[in-house]
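These notes concern the structure reproduced below.
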Amino acid sequence: MFKDIRVHGAITPEIDYYANLAGEKLLPAPFYEVQAGEGGDAVSFFLSGMYLRLSPEGVAFSGTGGVVSEYMFGSPMPLQDLGHKEVKNRLVMFGAFPGENGGLSFTASVSGFQTYENLFLDGNALGNYFFLVKTPWPYSARRTQEILLRTLGRVLKRSEAAGEGDDSGFISEILKELAEPEATLLLLRLAHRPHRQFHQFVRDYLRRTRDWGEEERRFVDTLGEELGVKQYQRERIAIDLLYKDAQNKQIVDEYKDVLLAILARGSDPGALARLNSLRSLALRHNLPRSLFDTLDGLMPTPQAARREEREYLRGAREIFEGLFLSSKPAAEVLGHPEIVRLLTYKQQAQHHRDNGFEQILLDTGRLLDERAAEGGDMESFEVFSQVVTYFDRLDNAEALVNQLGFMEHASVTEDKVRSLMGNMRELDAVSAGLFHTLVVEPVLKNPYALRFGRRKVMALCEGLEQMERGERTLAEIAERVDALAREETAERHLYEAIRSRLRQSYFNLSNPIHVRLLEREVVGELRKRHGEQMAVPKGAFISALEDVKSESEYVNDLYPKLLERPDPKVREAFIARSGMDRYRVEELEREYRIAHGLEEALPAGLTFNF
């Protein structure tokens, strides 16, 4: 039977500690000590010559053990952990470092120090565990660490108790796995109070709103600033909560699976297309691009790619090298044709999930900055800075147009239209029609763009063209896009209400009288719920009803047949005929497979990737 002693306190106004000494045979001697100091109190926890010492600055440690925390966005993740969905936690053993062959090498140096800032940055933003283990084994510290990893590694990396802050459950799992009656465990959990308060607030807010956009970010940022939570940690916490949503987790986990398949079998156009489609789907779910960029960065560059540089990277490198090698003025080396090529190369790199372009950009900027600091050519650095500004303009324009194209209920303000107009003019000044080619066309041609998303993007572009001719104002453009967003919202409410009503009562949808009765009941119900002033645009009910009928046809008739005899052409024809959003078709397919127990058993050939 396990016994334990617990001590709880605060080492700083932000950091709480929860110390647990556990084992079958605990010594009656005190295991902690508080020392007063000018800079603040320090608390030390002892275990047979080993210790964990908390000071206002950080944690000093010495002994056989390590650090455990639940993986969170921004935490370093080994590639082998990425491939195992059951791995939930980051584990760092004292005195261990990555070996040459991908494993771990151990040293006898099991002492060190870590600041709280680095702990909650590299580990989990909410809480992290330090642990020390005393055993009767007659081994050196290095050898003991190796055996502890082999014995406890599985439970430490897979336990859900670490993420839940369940000290009792975690202690029980560790000691049972250790199966050593003479062993004693010192488990110390450090919790960041402001981060946890911010996490709780955002979690409750997401449960209420079920949405996450700029408006929601600004709302929660107010509390984050009051609590003193840094911007990056606020982003980590929000992304972690978004990822743990069931639907979002499916998207991210599938993205990981495709990346691992690329690593195992090599890249191919179908895999890259699937990665891009998942990114588009993630945009609709408000998952930030930085989450997927981080996953891409975990993948090593394939040997073939290292031997032969892609054309867009080679072209970018040649253009930037001209700043160092050419005798021409920098403004001629990086003229408008070169800027167009660089902007195109940047998009191609993004399409291939290739961070090489950004690395070339960073290397060029660093070299030019060093040369300018040494009193060299300032013109080249200034021209390079102007090119980077065009990259920023492209990114900002893409972000707004992509948001309209892929996110439900997305709209624009006058300030956003004004900013987009400025970016459009600057890009088109480089080359006529460049804005439409790089920003608008990719969205309109993307098969995952929403039906209303395309209409909003087209309305925005038409408005910008009319504004250039003096036929429209910023306010009129914003109002037109917002009107489409309101129509989209109304149709979505109607769609959900129709589905709910059809589950409750029978209506013959081929009978016009039944359809009118259904419309009256649905509209009446929505106006009771949202107020009598709720507008129902003309044709919105019929459009929503057609969506419901198309979904029923696909799930009950067409998709079961496609599972037996896959035919992508038939599927594509249905999507084109029905006008359904592609993401919704894939959601219906996934729901059907889960409901019929086919999700895991479905062969890869029966999924449709684009």
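The values are calculated or read from the model by the stated rules, or taken from the named source; none is laboratory data. Please read these numbers as outputs of a predicted model, since none were measured by experiment. When we count neighbours, we look across all protein chains shown, and the Cβ atoms used for this are built from the backbone with ideal geometry, even at glycine. To get the accessible areas, we keep the full protein, side chains included, count just its heavy atoms, and leave off ligands, DNA and RNA. Shrake-Rupley method; radii C 1.70, N 1.55, O 1.52, S 1.80 Å.
At-a-glance table
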| quantity | calculated |
| --- | --- |
| Filter result (more than 30 Å from Pro181 (Cβ to Cβ) and open to solvent by less than 50 Å² (accessible area, probe 1.4 Å)) within segment 10-33 | Ile11, Thr12, Ile15, Asp16 |
| Those residues of segment 548-562 which are over 28 Å from Pro512 (Cα atoms) and either outside any helix (DSSP H, G or I) or open to solvent by 30 Å² or more (accessible area, probe 1.4 Å) (or both), in sequence order | Pro560, Lys561 |
| From the options Val388, Val401, Val383, residue that is open to solvent by 30 Å² or more (accessible area, probe 1.4 Å) and assigned to a helix (DSSP H, G or I) | Val388 |
| The one condition in (1) more than 15 Å from Val68 (Cα to Cα); (2) in contact with a helix residue (DSSP H, G or I) (Cβ under 6 Å, 6 or more places away or on another chain) that Phe170 fails to fulfil | (1) |
| Filter result for Glu468 (over 25 Å from the mean Cα position of the chain (by Cα), more than 20 Å from Phe320 (Cβ to Cβ) and not polar (S, T, N, Q)) | yes |
| Top-ranked residue in segment 299-319 [being surrounded by 16 or more Cβ atoms within 10 Å (Cβ to Cβ) and part of a helix (DSSP H, G or I); ranked as modelled with the lowest pLDDT] | Ala305 |
| Residue match in segment 133-142 (condition: open to solvent by less than 20 Å² (accessible area, probe 1.4 Å) and in a loop (DSSP other than H, G, I, E, B)) | no |
| Segment 427-441: number of residues that are surrounded by fewer than 16 Cβ atoms within 10 Å (Cβ to Cβ) and either touching an Asp or Glu at 6+ places or on another chain (Cβ under 9 Å) or assigned to a helix (DSSP H, G or I) (or both) | 3 |
| Yes/no for Ile575 being among the β-branched types (Val, Ile, Thr), open to solvent by 60 Å² or more (accessible area, probe 1.4 Å) and part of a helix (DSSP H, G or I) | no |
| Restricting segment 34-45 to residues that are part of a strand (DSSP E or B) and modelled with pLDDT under 90, the residue that is least open to solvent (accessible area, probe 1.4 Å) | Gln35 |
| Only listed residue being among the hydrophobic types (A, V, I, L, M, F, W, C), modelled with pLDDT under 85 and part of a helix (DSSP H, G or I), chosen from Leu517, Leu526, Leu545, Leu509 | Leu526 |
| Of all residues making up segment 430-470, the number that are touching a residue at least 60 places away in the same chain (Cβ under 8 Å), of a type in the set (A, V, I, L, M, F, W, C), out of contact with any His (no Cβ under 9 Å at 6 or more places or on another chain) and within 29 Å of Val388 (Cβ to Cβ) | 3 |
| Glu160 vs. criteria of a type in the set (Asp, Glu), under 30 Å from Lys230 (Cβ atoms) and open to solvent by 10 Å² or more (accessible area, probe 1.4 Å) | yes |
| Qualifying residues in segment 120-132 (those that are in a helix (DSSP H, G or I) and more than 17 Å from Leu156 (Cβ to Cβ)) - the one nearest to the chain's Cα centre (by Cα) | Leu121 |
| Subset of segment 163-203 [open to solvent by 70 Å² or more (accessible area, probe 1.4 Å) and of a type outside the set (Asp, Glu)] | Lys176, Ala179, Arg193, Arg196, Gln197, Gln200, Arg203 |
| Flag if Glu587 is closer than 23 Å to Ser280 by Cα, touching a helix residue (DSSP H, G or I) at 6+ places or on another chain (Cβ under 6 Å) and at pLDDT below 85 | no |
| Selection within segment 351-388 - touching a helix residue (DSSP H, G or I) at 6+ places or on another chain (Cβ under 8 Å), closer than 30 Å to Leu259 by Cβ and not charged (D, E, K, R) | His351, His352, Asn355, Gly356, Phe357, Ile360, Leu361, Thr364, Gly365, Val388 |
| Answer residue from segment 466-481, given it is part of a helix (DSSP H, G or I) and out of contact with any Lys or Arg (no Cβ under 9 Å at 6 or more places or on another chain) and is surrounded by the fewest Cβ atoms within 10 Å (Cβ to Cβ) among those | Ala475 |
| Count of residues meeting criterion [in contact with a Lys or Arg (Cβ under 6 Å, 6 or more places away or on another chain), at pLDDT 90 or above and open to solvent by 60 Å² or more (accessible area, probe 1.4 Å)] in segment 91-123 | 0 |
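Each row is one residue, and each column tells you yes or no for (1) among the hydrophobic types (A, V, I, L, M, F, W, C); (2) closer than 19 Å to Ser543 by Cβ.
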residue: Met467; (1), (2): yes, no
residue: Ala490; (1), (2): yes, yes
residue: Glu496; (1), (2): no, yes
residue: Tyr506; (1), (2): no, no
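Let's see how each residue does on (1) modelled with pLDDT under 90; (2) under 29 Å from the mean Cα position of the chain (by Cα); (3) open to solvent by 40 Å² or more (accessible area, probe 1.4 Å); (4) closer than 30 Å to Glu586 by Cα:
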{"position": "Arg371", "(1), (2), (3), (4)": "yes, no, yes, no"}
{"position": "Met378", "(1), (2), (3), (4)": "yes, no, yes, no"}
{"position": "Asp392", "(1), (2), (3), (4)": "no, yes, yes, no"}
{"position": "Ala410", "(1), (2), (3), (4)": "yes, yes, no, yes"}
{"position": "Leu420", "(1), (2), (3), (4)": "no, yes, no, no"}
{"position": "Leu444", "(1), (2), (3), (4)": "no, yes, yes, yes"}
